[in-house]
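First, the structure itself, so that you have it in front of you.
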Amino acid sequence: MLSISHVLVPTDFSEGSAEALDYARLLCRTFGARLHLLHVLETTGLVNVISANGYAAIIPDLFDDIVDSRRAQLEALLTSSERRHKGVTTSVVVAGSPAREIVKYAAARNIDLIVIGTHGRKGLPHFVLGSVAEAVVREAGCPVVTVRPEATVGHSLGSTAVHASA
């Protein structure tokens, strides 16, 4: 029998991530699983100055404020029931490639299933920006369900298309 004890939802706070969270909540209720919410903070755009030794520096107070803000955003995604029962783990990873950090988090915490939203980009935007969800599907050691809002293919949960890969 399929056993799901830990479900990971990586979020970038987009509509696709919100739909993935709704789907993951349904799965967690069905299987009695623990929900993990993860946000990977990309530091690429946070470089402020080049120091005398040639390394990029980030103003520490600004960086701490950004991390605190992302933690607050994660906490705001929780329902009052989830906060009361402490059935949810929230984490902000502060450096690294989102796909790589999601896969590392899943492996380190024995995640049984990753539910990740997609933006549904096609053509040049997909080529230029790539796809975190695509990379997670390729690299994860556990099954991955991708959720795309307002799609017309796949199994639907409301207006959400759901695609699974193992």
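Laboratory data are not the source of any read-out in this text; all were calculated from the coordinates shown. The structure displayed is predicted, hence computed values, not measured ones. For neighbour counting, all protein chains shown are included, and Cβ atoms are generated from backbone atoms with ideal geometry for every residue, glycine included.
Would you mind counting up the charge near Ala95? Only other residues with Cβ under 13 Å from its Cβ, with Lys and Arg at +1 and Asp and Glu at -1.
Working: positive: Arg70, Arg100, Lys104; negative: Glu42, Glu101.
Here the count lands on +1.
With Cβ to Cβ distances under 11 Å as the rule, what net charge do the other residues near Ser81 carry (K, R +1; D, E -1)? Numbers along the way, then the final one.
Numbers: positive: Arg25, Arg29, Arg83, Arg84, Lys86; negative: Glu82.
Net of charged neighbours comes to +4.
Here's another thing I want to ask about it. What ranking, highest mean first, results for peptides 10-19, 84-93 when packing means the other Cβ atoms within 10 Å averaged over each residue? Don't jump to the answer; show the numbers that get you there.
Numbers: 10-19: 18.8, 84-93: 14.6.
For the peptides 10-19, 84-93, the packing ranking is 10-19, 84-93.
Here is a follow-up. Using each residue's phi in the stretch 100-114, evaluate 6.51 cos²θ - 1.76 cosθ + 1.60 at θ = phi - 60° and report the 3J(HN,Hα) Karplus result to the nearest Hz, with x for Gly and Pro.
With coefficients 6.51, -1.76 and 1.60, one gets 4, 5, 5, 5, 4, 4, 4, 5, 5, 10, 6, 5, 8, 7, 10 Hz.
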